[in-house]
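Laboratory data are not the source of any read-out in this text; all were calculated from the coordinates shown. Note that the coordinates shown come from a computational prediction; the quantities given were computed from them, not determined experimentally. Every residue, glycine as well, gets a Cβ built from its backbone with ideal geometry; the counts of neighbours run over all protein chains shown.
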Amino acid sequence: MKNGKLLVAPAIVWLIIFFAIPMLMVVAVSFATRTPYGQVIFKFTLGNYVRFLEPLYLKIFASTLVTAVVTTVFTFLMGYPVAYAIAKLPKKWQQPGLIVVMIPFWINFLIRSYAWVIILRSQGVVNTILLKLGLITQPLSLLYNDYAVTLGMIYALLPFMVLPIYVSIEQLDKRLLEAASDLGASPLVAFQKITLPLTMPGIAAGSILVFISSLGMFVVPDVMGGAKSALIGNLIQNQFLSARDWPFGSALSIVLAILALVLIMLYYRVLQQQKGGQKHEEKLA
Amino acid sequence: MEEMIRLENITKKFDDNIIIPKINLTIYDGEFVTLLGPSGCGKTTLLRMIAGLETPTTGKVYIDNEDVTALAPYKRNVNMVFQNYALFPHMTVRENIRFGLLMKKVPREEQDQRIDQVLYLTQLEKLQDRLPQQMSGGQQQRVAIARALVNNPKVLLLDEPLGALDYKLRKKMQLELKNLQHGLGLTFIYVTHDQEEALTMSDRVIIINAGRIEQDDAPNKLYNEPASTFVANFVGESNFFTEENSPTIVIRPEKINLRPEEVDETKLPEGQAPSKYFGTVVDLVFCGNIDKVYVRLDNNNQIVMTYQYFDDVKRWQIDDRVGIWWFDKDEVKVNA
């Protein structure tokens, strides 16, 4: 252990105790069984994973995936223009712009979710205004459905899409756009042919962050979805807190973790393709 | 000669900084014109105005007698070679070159034909499937030129295209560019701060200082008849002699001759002039084919520089006492 490598020891110990060991415990528990009262017995079984394949759970998993995809697509559609606008602001306004995007983080997430409840519920802000304006006669049921959950997720995860995309747009060499314009590309075509492909790493990073976060999210469906929209996050939460079925909860967690892992590997693939040239050059040098 | 580009009463301000007070300039078809000046003199801004990447604060830009002042860059029939090439990193050489043709919706077959032609011209055939990052600076530079040339622009604008290359490669590329321009009969507008480059390549050099044209002349006239001390200083090396109430006299180092102080000036051989000043050799600098000889004048401590060539019979040493003389015809009088 020369050259100060010892300095990483605290971090490694920390990671082993609080990350690696718990993770392994979850893996172990996912193959275990439980007593009717919820005690975990270490008797090997694949039953928990097999149970995941029951239609009920597959359906929840599918609707979780759909919600995550929809959330990712919408945060991208909304986040890219925001990131683009901030990146094109004069330098001194970019920092304030980013802070505006991040301000919601200063307030506890749970409280922000309840704020949405106040806005959307039957006697909420939106319904009151619409009623007063005479646009509707009956309050709309805006809350406790899949739309509300998706809305809440988009709201919660938008900054995770904006920030990486902002970084990639900001780093884009603007002379490339000048060159494109010089070669006859209108601004729209230049965006499509130059900006969009070259900010792909940012889009991929943002999408991964949003997609994985929305897979595991349980607060938003809990608060805004009511009992109707259970996502896999809620299912896992229930296994640990109410159903006392830790092995099944662990198995679900592992499935989710593996999915996330696969996605991250795909992301690095994309990055590698983008940087393929540079790698090659390094080898030559 | 037919007029190709005309800048009419151009001024440019960035915020409150006046970059270009007022410039009028005409460039003709088939010319190799260089805008030469120190960093920040406004030469790149002028070039970018022709490309449309910068709008003049007042004044008009004409390309081929058409007022293009308000025309976006992508609608102008000129192409630019950027200082750092600005190659698209996610496209191969061939795709980079194809870009302009795609934008102009040239038929696919003609695209390939024209790409092959410029690839041949710039000797890039073997590298056409590489990405820009996989190439050396000189190769990238050639791609940048090919990408511009393939569009058959009326005018090629070059913004210090050789600035990032090493000396040897720069010399080679200067020749290649000059030959290319000559062979294709294109109009080149070239921006550089390297006076040697400007003199080697151009038909006409426009010296710009603080947004003004100092002199607009052929390279040899620029060197032999500088119009101002700025030009004399910026292009080549010069000695300045000032006397009160008379214009400054500029003399190039190679026109200055030295003779030992003890020579009897009443019996000079034919074809020599008497010494104008006397002084002491204070420094000798070896420059390969020549030595630079620095002489401190007795009367005002001014340092005068001249050359001695490796085959000169008389070799000067530091502390030698010398007389300095030149022919009156080699004097250039300028107003400071």
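Counting Cβ atoms of other protein chains within 10 Å of each residue's Cβ and taking the mean over peptide B:73-80 gives 4.
On the basis of the beta-carbon distance and an R0 of 60 Å, residue A:66 and residue B:294 show a calculated FRET efficiency of 0.15.
Residues B:193, B:182, arranged from fewest to most other Cβ atoms within 10 angstrom of their Cβ, appear as B:182, B:193.
In sequence order, the stretch B:200-206 has phi-based couplings of 5, 9, 8, 7, 9, 10, 10 Hz under the Karplus curve 6.51 cos²θ - 1.76 cosθ + 1.60, θ = phi - 60°, and Gly or Pro positions carry x.
Helix B:108-121 and the long axis of chain B differ in direction by around 20°, with both axes built from C-alpha atoms. Overall shape: oblate for the stretch A:55-284, with the ratio a/c of the largest to smallest alpha carbon gyration tensor axis at 1.5 or above and b/c at least equal to a/b.
Couplings 3J(HN,Hα) for the stretch A:234-251, derived from phi with the Karplus relation 6.51 cos²θ - 1.76 cosθ + 1.60 (θ = phi - 60°), are 5, 4, 4, 4, 5, 4, 7, 9, 10, 6, 6, 10, 4, x, 5, x, 5, 4 Hz, where x marks Gly and Pro.
Using the alpha-carbon centroid of each, what span in Å lies between the stretch B:224-296 and the stretch A:216-262? Between the Cα centres of the stretch B:224-296 and the stretch A:216-262 lies a distance of 90 Å.
The stretch A:1-59 and the stretch A:165-213 have their alpha-carbon centroids 40 Å apart. Using the Karplus relation 6.51 cos²θ - 1.76 cosθ + 1.60 with θ = phi - 60°, the per-residue 3J(HN,Hα) values for the stretch B:129-146 come to 9, 7, 8, x, 5, 8, 10, 6, x, x, 5, 4, 4, 5, 4, 4, 5, 4 Hz, with x marking Gly and Pro. The local environment of residue B:39, defined by Cβ-Cβ distances under 13 Å, has a net charge of -2 under the rule Lys, Arg +1 and Asp, Glu -1. Other protein chain C-beta atoms within 10 Å of residue C-beta, averaged over B:86-98: 4. Dividing the helix sum by the residues of chain A, where each DSSP H run of 4 or more adds -39500 (n - 2.57), gives a mean residue ellipticity at 222 nm of -23000 deg cm²/dmol. Counting only DSSP beta bridges whose two residues both lie in chain B, roughly 70 percent are antiparallel.
The fewest-to-most ranking of B:162, A:24 by surrounding Cβ atoms within 10 Å reads A:24, B:162. Near residue B:32, the amide H atoms lying under 5 Å from its own belong to B:188, B:203, B:204; only residues 5 or more places off or on other chains count, and H is placed 1.01 Å from N. Think of it as helices only: each DSSP H run of n ≥ 4 in chain B is worth -39500 (n - 2.57), and spread over all residues that comes to -7500 deg cm²/dmol at 222 nm.
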